[in-house]
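Structure first, commentary second.
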Amino acid sequence: MPQMDGDVMRSGRFSIGALSARPSSGGLLAAPLIVYLLIFYAYPVLAMLERSIYRGSWTAEVFVALVKDEVFWRVMQITATISLIVTVACLLLAYPVALFLARSSKSAANLMIILVLIPFWTSILVRTYAWMVLLGRRGVINDFLLGAGLIERPLQLLNTRFAVCVAMVHVLLPFMVLPIYSTLRGLDWRLIRAAEGLGAPPLAVFRQVLLPLSLPGISAGCILVFTLAIGFYITPALVGGPGDLMISMLIANQVNVLDWPQAAAMAVVLLAVVLVIFAGFTRIMGIEKIFQGQR
Amino acid sequence: MRVVWRTAFYGLVILIFAYLLFPILIVIPLSFSSGKYLAFPPPGFSLQWYMNFFTRSAWTDSAWLSIWVGLAVTALSTLLGTPAAIGLVRGSFAGKKLVNALILSPVIAPGIIVAIGLYFAYARYGLVGRPLALVLGHTALAVPFVVINVSSTLYGLDRRLEYAALSLGASPWATFRQVTLPLIRPGVFAGAVFAFITSFDELLVALFLSGTTAVTLPRRMWEQIRFDIDPTLASVSTLLITITTSLMVGAELMRRRSERLRTAPIGR
């Protein structure tokens, strides 16, 4: 049937073009999402940020006031301190886990990684609540210690810096495990065996071979955890004390008293810090790698 | 010496896994407590806190709202995200990197900035306190997960299958429907699951957009937690953990299946 032949020819020619998405059609497919995000996400955020420099006319006075604002600097300092502690603690806890997973067989590692991913996908609110239950004055840990006769009065664990760090590390740990694991999994382990075969003691193998080779994963994980930690709100608000006011909470407070210019100015600073730090991340690793689940 | 090192290392890894899982697991027995307060171990077994949850309309209304918002977000972000992923993976157009950054930015941007930005603009549109506001806001947060998951299945797809269908006379649309879509379906499904969880668990945007009329489940939990950590929260948490975990495991199984399909030798 000649007609069918013609159909095959035609559709074949067109469709290969369409499915390999020439420049225009690729953009066309993404267009609805781009428009959506611009209207319902990017514009709202930018319009809010604009309030920091524009009130009838352009002015930098809010930023000038912010620089002199002692509370702001104090809160920035608290935020940086907590984020730093959390990042270091995450690294120390994540590395052994990543190493263990990388040394396990692929199928065993895939199974155990679910144990890392379950907390990862459990609501932050649920995890924070769990820590409140554990650390509270009448919480599980105090109950246990009192019952065992180790203490006489309940310890103040909740609403402390300690509680903030423990709970935040718990929430952020998977973000450190996944990039380090991904780096270690792709490593040429013959290099480590070679060092061992040449008689290097375990510590030297770790310091001079394994650690330098894991640096991409370590730096990616640290940047990711630090940037996410800076923006934390829910966990410090629930388990922190009055001295653990982080920048996100301060911004929310300004919005609640409807001081938009001040809130917007602080948001600009926070966003700038996050963007600068995160620019380093994209040089090391694609963000998709983390959220794909496990490669 | 090696044995000591190894034992210490395994012990450490087990402790870290315990730290990850214990807080989540401890909530489950507490939710079945017959006591009036949170106490461990629970004095006895009872379903009173679940009864509390299922019989109070404040809780059930919020749960239903969260489910409906979650489903709407899932549909919207899958419909927007899937074609966008195809365009981004297959196409090469000007500003592609910028578009990628725009789509992925909600994952990295501090939640409070997104939340107050949406509040600032949506208040002007008169959307605050309406479920629609939550759907629109949550979709921006959920769509990156759809794009990421669909992209990753697209990268692994054997293009020869599409060419085969085309050369056998299938139209481009038929090829997409009958060849491409079934092959990327695990990615679309995983993306949809993550989109649902993202919306269902979301609190910060809800804090600002819920008003008093569209109170989602996380928002209700937040108010309750700040008031008193009564064991009803343990039962809600247990329900959430169960839902999230089963959805996660489902998505994971789908992903593995797609990996097998992808790596299966073709024509051999």
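For segment B:171-182, indicate whether the set of residues that are within 8 Å of chain A (Cβ to nearest Cβ) and over 14 Å from B:Arg90 (Cβ atoms) is non-empty.
Checked segment B:171-182: at least one residue is within 8 Å of chain A (Cβ to nearest Cβ) and over 14 Å from B:Arg90 (Cβ atoms).
Quick one: in segment A:187-237, of everything that is within 30 Å of A:Val75 (Cα to Cα) and part of a loop (DSSP other than H, G, I, E, B), which residue is nearest to the other protein chains (Cβ to nearest Cβ)?
Looking at residues that are within 30 Å of A:Val75 (Cα to Cα) and part of a loop (DSSP other than H, G, I, E, B), I get A:Gly231.
For segment A:140-147, state whether one or more residues are within 25 Å of the chain's Cα centre (by Cα), surrounded by 15 or more Cβ atoms within 10 Å (Cβ to Cβ) and either outside any loop (DSSP other than H, G, I, E, B) or modelled with pLDDT of 90 or more (or both).
Filtering segment A:140-147 down to residues within 25 Å of the chain's Cα centre (by Cα) leaves none.
No - not one qualifying residue is present in segment A:140-147.
Would you say A:Asp244 is more than 30 Å from A:Leu187 (Cα to Cα), surrounded by fewer than 18 Cβ atoms within 10 Å (Cβ to Cβ) and more than 8 Å from chain B (Cβ to nearest Cβ)? It would help to see each step written out before you state the result.
Details: more than 30 Å from A:Leu187 (Cα to Cα): yes; surrounded by fewer than 18 Cβ atoms within 10 Å (Cβ to Cβ): no; more than 8 Å from chain B (Cβ to nearest Cβ): yes.
So A:Asp244 fails the test.
Against the condition in contact (Cβ under 8 Å) with a residue 40 or more places away in the chain and either surrounded by 20 or more Cβ atoms within 10 Å (Cβ to Cβ) or in contact with a Pro (Cβ under 8 Å, 6 or more places away or on another chain) (or both), how does B:Asp201 come out, does it pass? Quick ask: steps written out before the conclusion?
Numbers: in contact (Cβ under 8 Å) with a residue 40 or more places away in the chain: yes; either surrounded by 20 or more Cβ atoms within 10 Å (Cβ to Cβ) or in contact with a Pro (Cβ under 8 Å, 6 or more places away or on another chain) (or both): yes.
Judged against the criteria, B:Asp201 is a match.
Only one of these conditions is not met by B:Ala170: (1) part of a helix (DSSP H, G or I); (2) without any contact (Cβ under 8 Å) to a residue 24 or more places away in the chain. Which number is it?
Failing condition for B:Ala170: (1).
How many residues are assigned to a loop (DSSP other than H, G, I, E, B) and either of a type outside the set (A, V, I, L, M) or crowded, with 24+ Cβ neighbours inside 10 Å (or both) if we restrict to segment B:124-159?
Adding up the residues that qualify gives 6.
Only one of these conditions is not met by A:Ser104: (1) modelled with pLDDT of 90 or more; (2) surrounded by 16 or more Cβ atoms within 10 Å (Cβ to Cβ); (3) of a type outside the set (D, E, K, R). Which number is it?
Unmet for A:Ser104, out of (1) modelled with pLDDT of 90 or more; (2) surrounded by 16 or more Cβ atoms within 10 Å (Cβ to Cβ); (3) of a type outside the set (D, E, K, R): (2).
Restricting to segment B:160-170, name every residue that is among the charged types (D, E, K, R) and more than 8 Å from every other protein chain (Cβ to nearest Cβ).
B:Arg160
Can you tell me which condition A:Glu152 does not meet? The list is (1) under 30 Å from A:Met266 (Cα atoms); (2) assigned to a loop (DSSP other than H, G, I, E, B), and all the others hold.
Result: A:Glu152 passes all but (1).
Of everything in segment A:30-55 that's among the hydroxyl-bearing types (Ser, Thr, Tyr) and over 26 Å from the mean Cα position of the chain (by Cα), which residue is surrounded by the most Cβ atoms within 10 Å (Cβ to Cβ)?
A:Ser52
Enumerate the helices (runs of 4 or more DSSP H) found wholly within segment B:1-95, keeping only those where 3 or more residues are at the interface with chain A (Cβ under 10 Å from one of its Cβ atoms) and crowded, with 19+ Cβ neighbours inside 10 Å. Talk me through it step by step, then tell me what you get.
Numbers: elements: B:2-31, B:48-55, B:57-90.
By residue number, B:2-31, B:57-90.
Would you check if B:Leu203 is more than 10 Å from chain A (Cβ to nearest Cβ) and aliphatic (A, V, I, L, M)?
no
The values are calculated or read from the model by the stated rules, or taken from the named source; none is laboratory data. From a predicted model like this one, the values you see are computed outputs, not experimental measurements. Using ideal geometry, Cβ is built from the backbone for each residue, glycine included, and neighbour counts are taken over all protein chains shown.
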